[in-house]
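One structure is given here, and the rest of the page talks about it.
The values are calculated or read from the model by the stated rules, or taken from the named source; none is laboratory data. All figures in this text were calculated on a predicted structure; none of them were measured in a lab. Cβ atoms come from the backbone with ideal geometry, glycine included; neighbour counts cover every protein chain shown. These area figures cover heavy atoms from the full protein model, side chains too; ligands, DNA and RNA do not enter into them. Shrake-Rupley method; radii C 1.70, N 1.55, O 1.52, S 1.80 Å.
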Number of protein chains: 2
Amino acid sequence: MLDERKTAILRAVVQEYITTAAPVGSTHIANAPGVKVSSATVRNEMAVLEQEGYLAQPHTSAGRIPTDRGYRFFVDHLAAPGPLDSQASQQVGAFFDSAHGRLEELLHQTTNLLAQVTHHASVVVGPRSETAVVRSVQLVGLGGRSATVVAVLSNGTVENEQVELPVEMSEVRLSAVSAHLQAHLPGSTLDAPRDLPATGDRDFDAVCAAAVRSLAKSAADEPVYVGGAASMAHAFDAVDTVRAVLNTLEQQFVLVSLVRDVLNRGLSVAIGAEHGVAQLVACSVIVKPVYVDGEQVGTVGVLGPTRMDYPQALATVEVVSERLGRRLSDGGSN
Amino acid sequence: MLDERKTAILRAVVQEYITTAAPVGSTHIANAPGVKVSSATVRNEMAVLEQEGYLAQPHTSAGRIPTDRGYRFFVDHLAAPGPLDSQASQQVGAFFDSAHGRLEELLHQTTNLLAQVTHHASVVVGPRSETAVVRSVQLVGLGGRSATVVAVLSNGTVENEQVELPVEMSEVRLSAVSAHLQAHLPGSTLDAPRDLPATGDRDFDAVCAAAVRSLAKSAADEPVYVGGAASMAHAFDAVDTVRAVLNTLEQQFVLVSLVRDVLNRGLSVAIGAEHGVAQLVACSVIVKPVYVDGEQVGTVGVLGPTRMDYPQALATVEVVSERLGRRLSDGGSN
DNA sequence: CTTGGCACTCCAGGCTACCGAGTGCTAGCC
DNA sequence: GGCTAGCACTCGGTAGCCTGGAGTGCCAAG
């Protein structure tokens, strides 16, 4: 653990570096508020902080830069989430006051909101529908052996999937299947759909089963929304880094597991290498689950360079997650 | 109109520049196949081509670069779409052979396919559902005054929208409304929904109307999918350009009107300033409508630097649009 | 333990010189 | 008359050199 003076110095380095993006030297720190010693002393302390892995030097005779570990200490001990600055909070407020429409649309918009407010890329993972209760099901033929199965879930989302029917079926019989599904499926969840009573008609039962299987599959994956990817073009000057990050942002699968992984480890911030996605070592991720009635329905987060304004970003994510949860539990009747 | 020799020189310049990205000088051109004159003659001809606006010089004593006009001539007269190279065509084939699932999913994947094959960003605009015929409708209450209305359309898409009910309604009555909708709406289109027979019950009719209105609204916008945005990081070395382009790619509205606009003008290629989106002056767009049974259901396109391999990109877009149309008219039954 | 002082390091930026690629022009050739 | 070889000239990019400044580490004194 760091003594008070080292702490103050580390804080000053991080804050300075976050705003200037240039290695910071002992003289700047000595002048910083909260540090009452000379630059020589600061130098000594910084040497120690470097040895202990909190700071790094790009080259001899350059200033210091925080390491991942330095940022970690900063967010754990020094970055009181602090109140959101008033402009940002107003922006968030205005957004949620005027938001409306479908869940998917809302999540997508949220992504833009986060990107605008934080100036970083943002990620929103929608609810996995597996555990939501089915309210209504419908199977509609599309000619030939294809059909669409649609389910409305208790959380307001709609799952739909195209089904390849095992056998061709007349409109009329499909309607019967639809009715059968509608009669028996509602009330159960898609990850463990209630067993449908067999009718004795093999084709009929097979179609039912196919429909249910499709729905379950479709409900298993979580929708991901990404916003503000363009901000990454600012964030780094190395083109390679930009490219790697943008590429990764397009791989929804990676994003979902990244977010899930971070949450599983009980973190709300993953800094640099901590999150384990090699292409994103230059980035930090801040995530926060969204709760509705005590149940997690999704996650919001931002992704920016490790050198990001953590207090501000933490506060934004916090507020957005909270407001989004509130918005969703109103059932949209806001 | 250009004489044969100028044509050959212009072609050579464009081709060379497309592959090297560096201004090309008279000596290179003189050695190019199809040009049988000395570099001095080439220089004279290039001076003329520059005067006429087909070529430009970054600075005195540098090689020449094609202008937008030069590219335009190239694609209009010199770029036989040519056959897709075999690896690409195999990739496309494999994709469509194994593609399955919902329309939205398919379009989204198509976006990735195009990006991979062309190494450029790609845009796919989905069908506007306004003119599709309703197959089935359903209204499901979500508690309070909110409900979800879902419609399955003849083209296999599913439209769903959240509705704010004008009055609160019991489950049972909502079911009645749902049944009413299902009884009368199918068969008409969402842009001109059939008038529902009035029941005399004002609340009932109001809820019906609200549901239909929501659906119509939701059907009016065209889904847009973008892929391969990361490739833009390669395409330009000016960070500002990358940023501007990425930003624009996130504005779906701009994309849709860009695509529509280009098609309306009867073009399939818009080069640089031609498309009128200021932020994309450094880009060219290649678009192609997708037809199913003679009707346009969407558009596929790629967006890359003006300096792109037009023959290859044209061929790819052509093939993908054609295969996608074919795929969709099978009704998904491959 | 702190601090002022000092010698040392190293990067960034400005300057010059130079090389090479490319041009435009002109005189001669077919 | 058109083509081409030759030549003088232009100009951007790179390499080398230098210098100024910011920063460090260390030491000796308070």
Which of the listed residues, B:V320, A:N31, A:V320, is farthest toward the dipole's positive end in the protein assembly as shown, when Lys, Arg count +1 and Asp, Glu count -1 at the beta-carbon?
A:N31
With +1 on each Lys and Arg Cβ and -1 on each Asp and Glu Cβ, and nothing else charged, work out how big the dipole of region B:198-269 is about its Cα centre, in Debye to the nearest 20.
140 debye
Probe of 1.4 angstrom, ligands and nucleic acids ignored: what's the accessible area per residue over region A:184-334, in square angstrom?
42 Å²
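Rounding to the nearest 20 debye, state how big the charge dipole of region B:9-104 is about its Cα centre with +1 on each Lys and Arg Cβ and -1 on each Asp and Glu Cβ.
Details: 7 positive and 9 negative charges, 49 e Å.
Charge dipole, region B:9-104, about its Cα centre: 240 debye, nearest 20.
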Among B:V133, B:Q162, B:V150, whose Cα lies farthest out toward the positive end of the dipole of region B:130-220, if unit charges sit on the beta carbon of Lys, Arg (+1) and Asp, Glu (-1)?
B:V133
From phi via Karplus (6.51, -1.76, 1.60), per-residue ³J(HN,Hα) for region A:115-128 in Hz, x at Gly/Pro
4, 5, 6, 8, 6, 10, 6, 10, 10, 10, 9, x, x, 7
Length released on extending from A:S257 to A:V37, taking residue separation times 0.36 nm less the Cα-Cα span
74.6 nm
Convex hull projection area averaged over all views, region A:4-78, Cα basis, nm²:
4.4 nm²
What are the residues whose amide H is under 5 Å from the amide H of B:V290, where those residues sit 5 or more places off or on another chain and H is modelled from the backbone?
B:V297, B:G298, B:T299, B:V300
What are the ³J(HN,Hα) values, in whole Hz, obtained from phi via the Karplus relation 6.51 cos²θ - 1.76 cosθ + 1.60 with θ = phi - 60°, for each residue of region A:169-184 in sequence order, with x given for Gly and Pro?
8, 6, 3, 4, 5, 4, 4, 4, 4, 4, 5, 4, 4, 4, 6, 10
Comparing each residue of region B:140-163 in the complete protein assembly with the chain by itself (heavy atoms, probe 1.4 Å, ligands and nucleic acids ignored), those losing at least 50 Å² of accessible area are B:V140, B:L142, B:V152, B:V158, B:N160, B:Q162
Dipole size in debye (nearest 20) for chain A around its Cα centre, Lys and Arg Cβ +1, Asp and Glu Cβ -1?
660 debye
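Interface B/A, total buried accessible area with a 1.4 Å probe, nearest 100 Å²? Working shown, then result.
On the way: alone 16120 and 16130 Å², together 28900 Å².
Protein heavy atoms only, the B-A interface buries about 3400 Å².
If we count every other residue with Cβ under 14 angstrom of A:A244's Cβ, Lys/Arg +1 and Asp/Glu -1, where does the sum land?
Local charge sum for A:A244: -2.
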Taking only the alpha carbons of region B:130-220, what extent do you get along each of the three principal axes, in Å, biggest first?
32, 24, 18
From the Cα centre of region B:104-156 to that of region B:1-70, the distance in Å is 46 Å
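Counting only protein heavy atoms, what percent of the accessible surface of region A:38-164 is carbon or sulfur at a 1.4 Å probe?
Details: 2410 of 5090 Å².
About 47 percent, which is the carbon plus sulfur part of the accessible surface.
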Using Cα atoms only, what is the angle between the long axis of helix B:239-250 and the major principal axis of chain B, expressed in degrees (0 to 90) to the nearest 10?
30 degrees
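Find how much the distance from A:Q57 to A:E295 grows on full extension, using 0.36 nm per residue of separation minus their present alpha carbon separation; answer in nm with one decimal. Walk me through the numbers before you get to the answer.
On the way: separation 238, 0.36 × 238 = 85.68 nm, distance 4.49 nm.
That pair, A:Q57 and A:E295, stretches by 81.2 nm at full extension.
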P(r) histogram, all alpha-carbon pairs of chain B included - 10 Å bins from 0, percent:
5, 22, 24, 20, 13, 8, 5, 2, 0
Furthest towards positive pole of dipole, B:Y54, B:V75, B:V117, structure part chain B, Cβ charges:
B:Y54
So which lysines can B:K6 reach, going by Cα to Cα under 20 Å and dropping same-chain residues fewer than 8 places off?
B:K36
Please list the non-local residues whose amide H lies under 5 Å from the amide H of A:L55, H modeled 1.01 Å from N, same-chain partners needing a gap of 5 or more.
A:E50, A:T67
Karplus-derived 3J(HN,Hα) from phi for region B:8-16 (6.51 cos²θ - 1.76 cosθ + 1.60, θ = phi - 60°), whole Hz, x at Gly and Pro, runs 4, 5, 4, 4, 4, 4, 4, 4, 4
Given the Cα-Cα distance of A:Q91 and A:E104 and 0.36 nm per residue of separation, how much length would full extension add, in nm?
2.6 nm
Can you give the angle from 0 to 90° between the axis of helix A:252-264 and the longest principal axis of chain A, with both taken from C-alpha atoms, to the nearest 10?
70 degrees
Taking a probe of 1.4 Å, how large is the accessible area per residue of region B:1-101, in Å²?
53 Å²
Sequence-distant residues sharing a close amide H with A:S136 (under 5 Å, placed H):
A:V152
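Take the Cα radius of gyration of region B:1-151 and divide it by 2.2 N^0.38 Å, with N its residue count; two decimals is plenty.
The reported ratio for this selection is 1.68.
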Which value in nm describes the separation of the simple spin-label points at B:A80 and B:Q279, placed 7 Å from the Cα toward the beta carbon?
4.0 nm
